[in-house]
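Trainee: So that we are looking at the same thing, I have put the structure below in C-alpha cells.
Quick note: the coordinates plus some simple rules give every number you see, no bench work behind them. Model, not experiment: these values are computed from the prediction. In this analysis, Cβ positions are derived from the backbone assuming ideal geometry, glycine residues included, and neighbour counts consider all displayed protein chains.
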Amino acid sequence: MSVFDIFAKLDAEKSARPAAGPVEWLIVGLGNPGDKYAGTRHNAGFRALDSYCARTGQKIDRLKFKALAGEGTFGGARVLFLKPQTFMNLSGEAVREAADFYKIPPERVLVLFDDISLDVGRLRVRAKGSAGGQNGVKNIIYQLNSDAFPRVKIGVGAKPHPEYDLADWVLSRMTDAEEKLFVPALERAMQAAEDIVRHGAAHAAQTFNGQA
C-alpha cells in the first residue's frame, strides 16, 4: 500500500465517523476520588469507565462540573463521560450541573454504580427506580428531581454477615478470586451502557441482566 493509499484510507475512516456535535447523553460512573478509595467495591462505576478508557483510549481527565470529564462518541451518540469528584454522597451535584449545561433530560443520564444485592460480576440494567440504598444514586435522584434515568448496576457482593458494617464493606477491596469475576464484568457493564444508548434500557436488560 502506497502512502497515498494510506492517506485515502484514513480520510475514508474519518468521514465514516459520526460528526462531532452537541452532547446528547451523560455517561456517569460513581465512586470516591483519591488513592485511598481506588479499587474499592464502591468505586465500581469509576472502574467501569477506567476499563473503557484503557480499551479505547478515551480520556476522562478534564476538571469540569465538579467532576473529571471527557467528551466522546459512544453507542453512536455524542456523550460526556463523568466521574464526579465530590465523594459519593454528593454525586448528584456534578450530574445536575452537567445536565443543566447541556440540557440533558434524566432519560439520557446513564449511571453505572455498585450494587451489594448482586453477586460479584452480575449486572442489572434498569430504566428507572429508587436508589436502593446507594447514596450516590439517592443524591442524583434528589438533584435531578427524578428517578427516571437508566442505570447499570454492577454486583459487588453482599456483606459477609448481617452485623458487618455496610460502609466498611463497600469501602473494602475485592479478593483475588472476586477480581477474576469483577474485571470482565466491568467491560460487560460498558457494553450494556452502550446498548442502552443504541437500543434502550429494555433491550439492554434483556441482553445483560443476570450475566456473569
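Trainee: With springs only between Cα atoms under 10 Å apart, run a GNM on the chain and tell me which of Gly45, Gly76, Gly121 wobbles the most.
Mentor: For the chain, modelled as a Gaussian network with Cα springs under 10 Å, the answer is Gly76.
Trainee: Here's another thing I want to ask about it. Would you calculate the convex hull of the Cα atoms in the chain and tell me its volume per residue in Å³? Provide the component values of the computation, followed by the final result.
Mentor: On the way: hull volume 29.4 nm³, N = 212.
About 139 Å³ per residue, rounded to a whole number.
Trainee: Using 0.36 nm times the number of residues separating Ala177 and Tyr164, minus their current alpha carbon distance, what extension gain do you get?
Mentor: Working: separation 13, 0.36 × 13 = 4.68 nm, distance 2.05 nm.
Full-extension gain reported as 2.6 nm.
Trainee: When the helix-only estimate is applied to the chain (DSSP H runs of n ≥ 4, each -39,500 (n - 2.57), divided by the residue count), what is the mean residue ellipticity at 222 nm, nearest 500 deg cm²/dmol? Show your work: numbers first, answer last.
Mentor: Numbers: 7 runs with 86 residues, N = 212.
Rounded to the nearest 500, the figure is -12500 deg cm²/dmol.
Trainee: What percent does the relative contact order of segment 39-128 come to when contacts are Cα pairs within less than 8 Å and at least six residues apart? Each step should come with its number before you reach the end.
Mentor: Numbers: 83 pairs, mean separation 22.3, N = 90.
RCO, segment 39-128: 25 percent.
Trainee: Another question, then. If the elastic network links every pair of Cα atoms under 10 Å, which of Pro106, Pro162, Pro84 fluctuates the most in the Gaussian network model of the chain?
Mentor: Sorting by GNM fluctuation, first place goes to Pro162.
Trainee: Can you tell me the orientation of helix 3-16 relative to the chain, as the angle in degrees between its alpha-carbon axis and the longest Cα principal axis, to the nearest 10?
Mentor: Around 50 degrees separate the two axes.
Trainee: Against the longest alpha carbon principal axis of the chain, how many degrees, from 0 to 90 and to the nearest 10, is the axis of helix 135-144 turned?
Mentor: Result, in degrees: 60.
Trainee: Now for a different question. For segment 92-151, what is the relative contact order in percent, using Cα pairs closer than 8 Å and at least 6 residues apart in sequence? Mind showing how you got there, number by number?
Mentor: Working: 62 pairs, mean separation 32.5, N = 60.
Contact order relative to length: 54 percent.
Trainee: Using a Gaussian network model on the chain with a 10 Å cutoff between Cα atoms, which of Glu194, Glu93, Glu178 fluctuates the most?
Mentor: Highest fluctuation among the options: Glu178.
Trainee: For the Cα atoms of the chain, what angle does the longest principal axis make with the long axis of helix 176-199, in degrees from 0 to 90, nearest 10?
Mentor: That works out to roughly 50 degrees.
Trainee: If the reach is capped at under 20 angstrom between alpha carbons, list the lysines near Lys180, excluding any in the same chain fewer than eight residues apart.
Mentor: Answer for Lys180, where 20 Å is the Cα cut-off: Lys153, Lys159, listed by chain and number.
Trainee: Using modelled backbone amide H atoms (1.01 Å from N, in-plane), which distant-in-sequence or interchain residues come within less than 5 Å of Leu68's amide H?
Mentor: Lys83, Gln85
Trainee: Here's something else I'd like to know. Give me the net charge for the shell around Met190: Cβ to Cβ below 14 angstrom, other residues only, Lys and Arg +1, Asp and Glu -1.
Mentor: On the way: positive: Arg47, Arg55, Lys83, Arg151, Lys153, Arg188, Arg198; negative: Asp50, Glu187, Glu194, Asp195.
For residues surrounding Met190, the net value is +3.
Trainee: Moving to a separate point now. Normalised by the number of residues in the chain, what is the relative contact order in percent for Cα pairs under 8 Å and 6+ residues apart? Don't skip to the end; give the middle numbers.
Mentor: Numbers: 421 pairs, mean separation 50.0, N = 212.
Relative contact order comes out at 24 percent.
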